[in-house]
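Asker: Got a structure for you, questions after.
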Amino acid sequence: MLQIQQLRDEKERIILGLEKKFVLNASEQVEKAILLDNERKEIQSNLNKFQEEVNKLSAEVGQLMKSGQKEQAEAIKLQVAGKKGEIKTLEEKTAVLEDSLFNALVVLPNVPHVSVPNGRTPEENELVESWGESKNMPEGSLPHWDLIAKYDIIDFENGNKVSGAGFPFYKGKGAKLQRALINFFLDEAEKAGYNEMQPPIVINKESGYGTGQLPDKDGQMYHIQEDGLYMIPTAEVPITNYFRDTILKETELPKKCVGYTPCFRREAGSWGAHVRGLNRLHQFDKVEIVQIAHPDQSYLILEDMRKYVQGLLEKLNLPYRVLRLCGGDMSQTSALTYDMEVYSGAQARWLEVSSVSNFETFQSNRLKLRAKSEETKKTFLLHTLNGSALALPRIVAALLENNQTPEGIRIPDVLVPYTRFEWIN
RNA sequence: GGAGAGAUGCCUGAGUGGCCGAAAGGAACAGUUUGCUAAACUGUCGUACGGGUAACUGUACCGAGGGUUCGAAUCCCUCUCUCUCCGCCA
């Protein structure tokens, strides 16, 4: 959520940014929020004056009672009682205004970074770099869903029976490959200085708001109504919320965390073409990296995280490209997002395998995630960043497709110590 | 799930209606001194929203939300959470 102070201080930049994300009536929405806040301030300072008077008078009553001047005390009591109605009214007005202001702010998306390209559709994303040869596979190459069936490593039919579409069983070498990838990703992250965490996979409403999944993506999360809990769509949510309501020391920064969790997405409405096999699931595994950074360093750290993810893809020998998402293709909460896409030769298309983002203060504002400056002794909001490192299903799909041979599927060298087999055949 | 106890600042913990935004101790930070793998002393040490260039100042916050009262950390109600014992259990 944007801060009202940002709207005041950088109105023009905010409005332009919102327009880059195609927010309707951006200028009017910003103006409306500022007006609401002006009104709020006025009423609040009015209320504070009344409260000050009441506090002073009440203190006098105390003094008078002590010195036994009962009658004067009674007179002042009446005075105070007269102001109570006014205070009540002002309090109610303040509450209503605060609520309206919140509602006006919470619907605004984050403002994109200056480097974010203009554009509305995925085609307008900017190609930043690419690695490896993205060639189409030779004649007779199979897409991963056929390979899965051929080697019997993932079972969609029984997943369908037991849970529903999008909840497959991984079997035999398919299951071991999952385990290998998770361990490989966690070990790599640890080497890069990330602290491993195993977070809860259900979260409460407050956490959903903290990282911005609520109210925006309400329908995308599985909701356990009876307990008021949501199943996490990504480990970003519990790990970032771990730092909710905290004031860190500058010397502790940056905080680097990594966690593996299953992720759950309802993906309501987006079922259809292009989602065969592993391309889109309701439950999938992902290793997520999260950093809490000083505002001065967050963009350097973002580059660092991006390079880290690219390094993983290179170790797995998967050809990829890096895109800087355009305004229209970015999420509500992000200020700058890089997508990593791996080329699937057999499907002849790019598959998004990772998304690395800087949220600046958009999440930390709601999270109340701050640090205290050593010099000024003031608190300030920190920047939050995260990225998939990596999400399994599409990595598995790409590995299967790109490494298929007549003899079977070749496991990349770096994974063999984890799988303890070299071929799926 | 049953019974009881509790929730105070970074931590421990005092505070049962006005003198409490809150004692004391610890931790941390700064300074002084003695000196050397530290000690002693002194000082600083919550957050948010307003006003002010600033010093400073007003208000709110003692788990959350309501209530009583001229006045609430302190009394009442509701909720949440924690702990202990019992039950159940991976």
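Asker: Just the accessible area for A:Arg266, please: 1.4 Å probe, Å², rounded to the nearest 10?
Answerer: Per-residue accessible area (A:Arg266): approximately 100 Å².
Asker: Please grab the % of Cα pairs in segment A:369-425 that end up more than 17 Å from each other.
Answerer: Every Cα pair in segment A:369-425 considered, those over 17 Å come to 60 percent.
Asker: Taking a probe of 1.4 Å, how large is the accessible area per residue of segment A:122-424, in Å²?
Answerer: Accessible surface, normalised per residue, equals 44 Å².
Asker: Moving to a separate point now. Rg and Dmax of segment A:4-106, using alpha carbons, in Å: what are they?
Answerer: 21.1, 69
Asker: Follow-up question, since we're still on this one. With a 1.4 Å probe and every protein chain left in place, work out the accessible area per residue of segment A:4-106 in Å², rounded to a whole number.
Answerer: 64 Å²
Asker: Over the heavy atoms of A:Tyr222, what accessible area does a 1.4 Å probe trace out, to the nearest 10 Å²?
Answerer: So the heavy atoms of A:Tyr222 present about 60 Å² to solvent.
Asker: Over segment A:83-152, what number does the Rg to Rh ratio reach, with both radii from the alpha-carbon atoms and Rh per Kirkwood?
Answerer: Dividing the radius of gyration by the Kirkwood radius yields 1.45.
Asker: Okay, moving on. What part of the accessible area of segment A:4-106, given as a whole %, is carbon or sulfur when the probe is 1.4 angstrom?
Answerer: Looking at segment A:4-106 in its full context, I get 52 percent from C and S.
Asker: Once the other residues with Cβ under 15 Å from the Cβ of A:Val202 are scored (Lys, Arg +1; Asp, Glu -1), what is the net sum?
Answerer: Summing Lys and Arg as +1 and Asp and Glu as -1 gives -1.
Asker: Along each of its three principal axes, how wide is the spread of alpha-carbon positions in segment A:169-236, in whole angstrom units, largest first?
Answerer: Principal-axis extents of the Cα atoms in segment A:169-236, largest first: 37, 32, 19 Å.
Asker: Given the convex hull over the Cα atoms of segment A:16-170, what projected area results after averaging over all orientations, in nm²?
Answerer: Taking the Cα atoms of segment A:16-170, their convex hull projects to 20.9 nm² on average.
Asker: Once the Cα atoms of segment A:122-424 are picked out, what are the Rg and Dmax in Å?
Answerer: Cα-based Rg and Dmax for segment A:122-424 come out at 19.5, 66 Å.
Asker: Also, I was wondering about something else. Please give the Cα centre distance for segment A:135-153 versus segment A:389-417, rounded to the nearest Å.
Answerer: 11 Å
Asker: Antiparallel as a % of all DSSP beta bridges within chain A, to the nearest 5?
Answerer: 90 percent
Asker: Once the Cα atoms of helix A:70-106 and of chain A are each reduced to a long axis, what angle between those two axes, in degrees from 0 to 90 to the nearest 10, is obtained?
Answerer: Approximately 20 degrees, to the nearest 10.
Asker: Using 31 Å as the Cα-Cα cut-off, could you pick out the over-long pairs in A:Lys93/A:Lys368; A:Lys191/A:Lys377; A:Lys41/A:Lys70; A:Lys217/A:Lys255; A:Lys20/A:Lys191; A:Lys135/A:Lys176?
Answerer: As for pairs spanning more than 31 Å Cα to Cα, those are A:Lys191/A:Lys377; A:Lys41/A:Lys70; A:Lys20/A:Lys191.
Asker: To the nearest 20 Debye, how big is the dipole of chain A about its Cα centre, given +1 on the beta carbon of each Lys and Arg and -1 on that of each Asp and Glu?
Answerer: Value, rounded to 20: 660 debye.
Asker: Would you kindly derive the ³J(HN,Hα) couplings of segment A:233-247 from the backbone phi angles with the Karplus curve 6.51 cos²θ - 1.76 cosθ + 1.60 (θ = phi - 60°), listing them in order in whole Hz, with x for Gly and Pro?
Answerer: Taking θ as phi minus 60°, the curve returns x, 6, 5, 3, 5, x, 5, 5, 5, 3, 9, 4, 6, 10, 10 Hz for segment A:233-247.
Asker: Express in nm, to one decimal, how much length is gained between A:Ala75 and A:Asn425 on full extension, taking 0.36 nm for each residue of separation and deducting their alpha carbon distance.
Answerer: Length gained between A:Ala75 and A:Asn425: 116.6 nm.
Asker: For a quick check: with amide H placed at 1.01 Å from N, whose amide H comes under 5 Å from A:Trp423's, ignoring anything fewer than 5 positions away on the same chain?
Answerer: A:Ile411
Asker: Would you work out what percent of the accessible area of segment A:122-424, with all protein chains in place, is carbon or sulfur (probe 1.4 Å)?
Answerer: Heavy-atom surface of segment A:122-424 belonging to carbon and sulfur, 1.4 Å probe: 47 percent.
Asker: While we're looking at this one, here's another question. Let me know the longest stretch in chain A that avoids all GluC sites (Glu not before Pro) found in a DSSP loop with at most 12 other C-beta atoms within 10 Å.
Answerer: A:140-373
Asker: Quote the Stokes-Einstein diffusion coefficient, in whole µm² s⁻¹, for segment A:129-168, based on the Kirkwood radius over alpha carbon pairs, a temperature of 37 °C and a viscosity of 0.692 mPa s.
Answerer: Estimated via Stokes-Einstein, D reaches 263 µm²/s.
Asker: On to the next question. Leaving out ligands, DNA and RNA but keeping every protein chain, what accessible area does A:Phe243 have, in Å² rounded to the nearest 10, with a 1.4 Å probe?
Answerer: Number for this one is 10 Å².
The values are calculated or read from the model by the stated rules, or taken from the named source; none is laboratory data. All figures in this text were calculated on a predicted structure; none of them were measured in a lab. Neighbour counts are summed over all protein chains in view; Cβ atoms, including those assigned to glycine, are modelled from backbone coordinates with ideal geometry. Accessible surface areas use protein heavy atoms only, side chains included; no ligands, DNA or RNA. Shrake-Rupley method; radii C 1.70, N 1.55, O 1.52, S 1.80 Å.
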